[in-house]
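Notes follow once the structure below has been shown.
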Amino acid sequence: MSVRQLFATPFYDAPLGDDALIEDLARSVQMLAQEDRAGRNWSKAHGYRGYTSYASLDDLPLRDPAFADLVRALNRHVAAFARACAFDLGGRRLKVDHLWVNLMKPGGTHSGHVHPGSVVSGTLYVAVPSGSGALKLEDPRLGLMMAAPQRADDAPEALRPFVYAEPQAGSVFLWESWLRHEVMPHAGKGDRMSISFNYR
Ligand SMILES: [Fe+2]
């Protein structure tokens, strides 16, 4: 008898491996959160608790060499993930499409969503105060499960309908962009800083 695990949902978790760059990026995120007035206004108008450059800036790697260095490092991580996903890219590479920063205050959260129009999405964590919120990942087949029973508390990770990924400062998380995810409420102290991105 064998029970095969089919239809994998790949999730990548690795350290960026450049502490000096993380420090530079922390300064850059804090500076943007102070100086990007359009982004501050957008965050306020949309109930974002803190600051995000999501809707205001689309050229961070041109503005600040720390972001250009980050994209070079992320390109390697995304290429490794694409290989792990066995993507046939016809000899081409995935390229960054959008990259934005997030500075979340205590109490902040980001409800479940996907990233349409891209192939791989991810986040680099720059500062993660304790209790500041895991990334909750959701089985994309939940809507199909109808009468399926709950899973046991000690079910293997691959069989759980929700997985909570706990980042550390310097963690790179990557997933396929269709995977629904949610930032759990920031119940810690201090600013949680991250940089999110889409590749296509
Ligand atoms: Fe997201």
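Sequentially through the stretch 90-95, phi angles give Karplus couplings (6.51, -1.76, 1.60; θ = phi - 60°) of x, x, 9, 10, 6, 10 Hz, Gly and Pro residues having no value and appearing as x.
Put simply, the C-alpha atoms of the stretch 92-162 give a gyration tensor, and the ellipsoid matching it has half-axes of 27, 20, 12 Å, longest first. Under 5 Å between amide hydrogens, built in the peptide plane, is the criterion, and for Val119 it picks out Tyr199, Arg200 among residues at least 5 positions away or on other chains. The string of couplings for the stretch 135-147 from the Karplus curve (6.51, -1.76, 1.60, θ = phi - 60°) is 9, 8, 10, 10, 4, x, 9, 3, x, 9, 7, 6, 8 Hz, one whole number per residue in order, with x for Gly and Pro. In the stretch 48-98 the Cα-Cα distances spread across 5 Å bins starting at 0 as 5, 16, 21, 19, 16, 14, 8, 2, 0 percent of all pairs. Take the Cα of His113, go 7 Å toward its beta carbon, and the backbone nitrogen atoms of the stretch 178-197 under 18 Å from that spot belong to 178-186, 192-197. Ordering Ala82, Tyr54, Val3 by the projection of their Cα atoms onto the charge dipole of the stretch 1-118, which places +1 on the Cβ of Lys and Arg and -1 on the Cβ of Asp and Glu, puts Val3 at the extreme positive end.
Note on Lys189 and Ala68: with the Förster distance fixed at 41 Å, the Cβ-Cβ geometry gives a FRET efficiency of about 0.80.
Our note on the geometry: Cα centres of the stretch 1-53 and the stretch 125-195, 13 Å apart.
Axis angle, to the nearest 10 degrees, between helix 65-84 and the longest C-alpha principal axis of the chain: 10 degrees. Gain on full extension, evaluated as 0.36 nm per residue between Leu6 and Asn75 minus their Cα-Cα distance, stands at 22.0 nm. As a ratio to 2.2 N^0.38 Å, the alpha-carbon radius of gyration computed for the chain takes the value 1.06. The GNM of the chain, with springs linking C-alpha atoms under 10 angstrom apart, assigns the highest mean-square fluctuation among Gly91, Gly133, Gly39 to Gly91. The HN-Hα couplings worked out from phi for the stretch 39-52 by the Karplus form 6.51 cos²θ - 1.76 cosθ + 1.60 (θ = phi - 60°) are x, 5, 5, 4, 4, 5, 5, 9, x, 7, 7, x, 9, 9 Hz, whole numbers, x standing for Gly and Pro.
As a rough guide to protection, the peptides 190-199, 49-58 ranked by mean Cβ packing within 10 Å, highest first, stand as 190-199, 49-58. In the stretch 82-200, the C-alpha radius of gyration followed by the widest Cα-Cα span (Dmax) gives 15.7, 46 angstrom. Of the chymotrypsin sites (Phe, Trp or Tyr not before Pro) in the stretch 148-178, the ones in a loop by DSSP (not H, G, I, E or B) with at most 15 other beta carbons within 10 Å are Trp178. When the Kirkwood radius is taken over all Cα pairs of the stretch 1-88, what Stokes-Einstein diffusion coefficient follows at 4 °C and 1.567 mPa s, in µm²/s? It diffuses with D of about 82 µm²/s by this estimate.
Just so you know, all these numbers are worked out from the coordinates, no wet-lab data involved. Since the model is a prediction, treat every value here as computed from it, not as a measurement. All Cβ positions, glycine included, derive from the backbone under ideal geometry; neighbour counts span all protein chains shown.
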